[in-house]
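Okay, structure first, notes after.
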Amino acid sequence: MAIRLFDHYVHLPVLVLVIVEAVIVSLALILAHTIADASGLISASTRGADRGFWSCGITTVVLLCAMAAMGLYRIALRARYSGVLARLFVAFVLTAVFLPFLYYVVPPLYIHPLVMLISSGIAITGLAAVRLGFLKLVDESLFKRRVLVLGAGRRAEQFLKLRRMADQRGFKLVRYLSMPGDEPAQLPEKRVQPIPDNLYDYAVEHRIDEIVIAVDDRRGTLPIRDLLECRLDGIDVTDVINFLERETGKINLELIRPSWLIFENGFRRQLPRRVAQRIFDIVSSGIVLVLASPIMLLTAIAILIEDGRPIFYRQRRVGKNNVDFDVLKFRSMGKDAEAEGEAVWAKEDDDRITRVGHIIRKLRIDELPQVLNVLAGQMSVVGPRPERPEFVERLKEQLPYYMERHRVRPGITGWAQLCYPYGSSEKDAFEKLQFDLYYVKNRTLIFDFMILLQTAEVVLWQKGAR
């Protein structure tokens, strides 16, 4: 089950998990204070202002953000329990590295190191136990909505693409109900049956939580009265496009029509939102530029030693409203990577990449100079990745709605980069476009912040880098 929060879908199990883990971390801090005071290990002169509500609250928020950065609040996380524990440990390390800087800037938030050590031990134990229970419960029926698909044709066939267990963590598909006009589809016969005479009674009998409309031809075929009765009785009725958008985090291009784009909520461009977005870009890119400057200097020296000048690589890309600009990157390929003058897709184990290039690509360091593009207003920190004009000309002829991704500024990182591996073909471009359109439709500052956090997972686990 997913709810709409800050104009973005949040799965109920994840929301419950965040609340439970926030309580555990807060209680661990309180208990650590109590233990340290009772044992006399911390004197009043060295304790500092570490008993305040704000110090515990901010510390909890920092840890939860670090856990989000490790992908621990993604419903589609496919890591095993050992992988979850590894990510949890890294989140605590990141928190321990960040907090001293925070305490230096805001001294009243200071918490004694011994209290942090004790609370970390308690919190890790509690969070590990909660995660073990969560992984079991979320794959069972406790949080899953029982879903009935109205239709057994080509539109309903899209459900077969949700093969992974992680794709179906939010729902349990009960049955497909075939309708007149459905086109032949390769659905499992044992899960398909003709629509019953009374759809409402059938839904109540099978404890259905949601009915998904996936009929190929709706003209005069939908049981309107039964659907209305279901809706008024609290059973949700959802179009298949909206259902798949909610569950997969992408817009299914095989199903949408122009009318859906016209009438659907989203794709907002209000002035206050654009101003807030620009402020977010300037502040976040400025922080990245300051913090990453030592790494950028070392990278420049390494490139200069291995392959000489130029250090930076300028490449023409298509930006907002189809306006071209030069994207700035650290050079990761040899000087004659495209000697023939023809744009070529990057591929796995590309022999054009230098030794330094392999390292900076894996760690995404080659993208850091793009903060200058952000400050210049050509890019955003978060958005669809900018593509080369040669590829854009080709893809806009092959992919429907491809040019709609240029309604916003391109980004250094983005939703598609989190959800799909590195694109190196027209097929990959089609898959990434579905995530890009989801981002354009549902773009908010909160969504941008979560994407920016989770980019740390991509870097540390080297997902999709080539």
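Give the number of residues within the stretch 194-208 that are farther than 16 Å from Tyr176 by Cβ and of a type outside the set (Ser, Thr, Tyr). So that I can check it myself, show each step before the final result.
Taking the stretch 194-208 first, the residues farther than 16 Å from Tyr176 by Cβ are 197-198, 200-201, 204-205, 207.
Adding the requirement that they be of a type outside the set (Ser, Thr, Tyr) leaves 197-198, 201, 204-205, 207.
Matching residues across the stretch 194-208 total 6.
Could you list, in sequence order, all residues of the stretch 226-258 that are of a type in the set (Ser, Thr, Tyr) and touching a Phe, Trp or Tyr at 6+ places or on another chain (Cβ under 6 Å)? Can you show your working first?
So the first thing to find is which residues in the stretch 226-258 are of a type in the set (Ser, Thr, Tyr), and the list is 238, 248.
Correct list: empty.
Cβ-Cβ below 9 Å, separation at least six or inter-chain, first residue in the stretch 443-466 and in a loop (DSSP other than H, G, I, E, B) and of a type in the set (D, E, K, R), second at pLDDT 70 or above and surrounded by fewer than 18 Cβ atoms within 10 Å (Cβ to Cβ): which pairs?
Partner pairs satisfying both residue conditions: Arg443/Gly266; Arg443/Phe267; Arg443/Arg268; Arg443/Arg273; Arg466/Lys362.
Could you tell me whether the stretch 79-98 includes any residue that is crowded, with 18+ Cβ neighbours inside 10 Å and polar (S, T, N, Q)?
There is at least one residue in the stretch 79-98 that is crowded, with 18+ Cβ neighbours inside 10 Å and polar (S, T, N, Q).
So how many residues does the stretch 312-330 have that are in contact (Cβ under 8 Å) with a residue 24 or more places away in the chain and out of contact with any strand residue (DSSP E or B) (no Cβ under 8 Å at 6 or more places or on another chain)?
Count: 3.
Could you go through the stretch 333-345 and let me know if any residue there is in a strand (DSSP E or B), within 31 Å of the chain's Cα centre (by Cα), modelled with pLDDT of 75 or more and closer than 20 Å to Pro389 by Cα.
Of all residues in the stretch 333-345, those in a strand (DSSP E or B) come to 333.
Restricting the remaining residues to those that are within 31 Å of the chain's Cα centre (by Cα) gives 333.
Of the ones still in play, those that are also modelled with pLDDT of 75 or more are 333.
Narrowing further to those that are closer than 20 Å to Pro389 by Cα: 333.
The answer is yes, given that some residue of the stretch 333-345 is in a strand (DSSP E or B), within 31 Å of the chain's Cα centre (by Cα), modelled with pLDDT of 75 or more and closer than 20 Å to Pro389 by Cα.
Every residue in the stretch 157-202 that is under 20 Å from Arg225 (Cα atoms) and under 33 Å from the mean Cα position of the chain (by Cα), please.
Answer for the stretch 157-202, where residues must be under 20 Å from Arg225 (Cα atoms) and under 33 Å from the mean Cα position of the chain (by Cα): Tyr176, Leu177.
Exactly one condition in (1) modelled with pLDDT under 95; (2) buried (at least 19 other Cβ atoms within 10 Å of the Cβ); (3) in contact with a strand residue (DSSP E or B) (Cβ under 6 Å, 6 or more places away or on another chain) is not met by Val192; state its number.
Just one mismatch for Val192, condition (2).
Just give me the residues in the stretch 384-402 being free of Cβ contacts under 8 Å to residues at least 60 places away in the same chain and within 23 Å of the chain's Cα centre (by Cα), in sequence order. Show your work before the answer.
Start the filter on the stretch 384-402 by keeping residues that are free of Cβ contacts under 8 Å to residues at least 60 places away in the same chain, which leaves 384-385, 390-391, 393-398, 402.
Within the stretch 384-402, Pro384, Arg385, Tyr402 meet the criteria.
Tell me, yes or no, whether the stretch 450-461 has at least one residue that is farther than 24 Å from Gly286 by Cα and modelled with pLDDT under 90. Talk me through it step by step, then tell me what you get.
If we filter the stretch 450-461 for residues that are farther than 24 Å from Gly286 by Cα, which is where we start, we get 461.
Those left that are additionally modelled with pLDDT under 90: 461.
Yes.
Are any residues in the stretch 264-313 more than 27 Å from the chain's Cα centre (by Cα), at pLDDT 90 or above and not aliphatic (A, V, I, L, M), and if so, which ones?
Pro294, Thr299, Phe312
I'd like to know if the stretch 189-198 contains one or more residues that are aliphatic (A, V, I, L, M) and assigned by TED's automatic domain parsing to the domain that holds Phe159. Give the derivation first.
First pass over the stretch 189-198, keeping only residues aliphatic (A, V, I, L, M): 192, 195.
With assigned by TED's automatic domain parsing to the domain that holds Phe159 added as a condition, the list becomes 192, 195.
Yes, because at least one residue in the stretch 189-198 is aliphatic (A, V, I, L, M) and assigned by TED's automatic domain parsing to the domain that holds Phe159.
Return yes or no: is Met179 at pLDDT below 90 and crowded, with 19+ Cβ neighbours inside 10 Å? Can you show your working first?
Details: at pLDDT below 90: yes; crowded, with 19+ Cβ neighbours inside 10 Å: yes.
Yes: the conditions hold for Met179.
Condition first: more than 18 Å from the chain's Cα centre (by Cα) and either among the charged types (D, E, K, R) or outside any helix (DSSP H, G or I) (or both). Now tell me which residues in the stretch 65-101 satisfy that.
Arg80
Of all residues being assigned to a helix (DSSP H, G or I) and without any contact (Cβ under 8 Å) to a residue 60 or more places away in the chain in the stretch 405-430, which is surrounded by the fewest Cβ atoms within 10 Å (Cβ to Cβ)? Just the residue, please.
Here is the first cut: in the stretch 405-430, the residues assigned to a helix (DSSP H, G or I) are 405-407, 415-419, 426-430.
After this cut, where a residue has to be without any contact (Cβ under 8 Å) to a residue 60 or more places away in the chain as well, the list is 405, 416-418, 426-429.
Details: Arg405: 27, Ala416: 29, Gln417: 27, Leu418: 20, Glu426: 13, Lys427: 9, Asp428: 15, Ala429: 21.
Per the criteria, the residue is Lys427.
Arg231 fails exactly one of the following numbered conditions: (1) basic (Lys, Arg); (2) touching a strand residue (DSSP E or B) at 6+ places or on another chain (Cβ under 8 Å); (3) not assigned by TED's automatic domain parsing to the domain that holds Arg154. What is the number of that condition?
The number of the failed condition is (3).
The values are calculated or read from the model by the stated rules, or taken from the named source; none is laboratory data. Here the structure is a predicted model, which means the values were calculated and not measured. Glycine also receives a Cβ, built like all others from the backbone with ideal geometry; neighbour counts cover every protein chain displayed.
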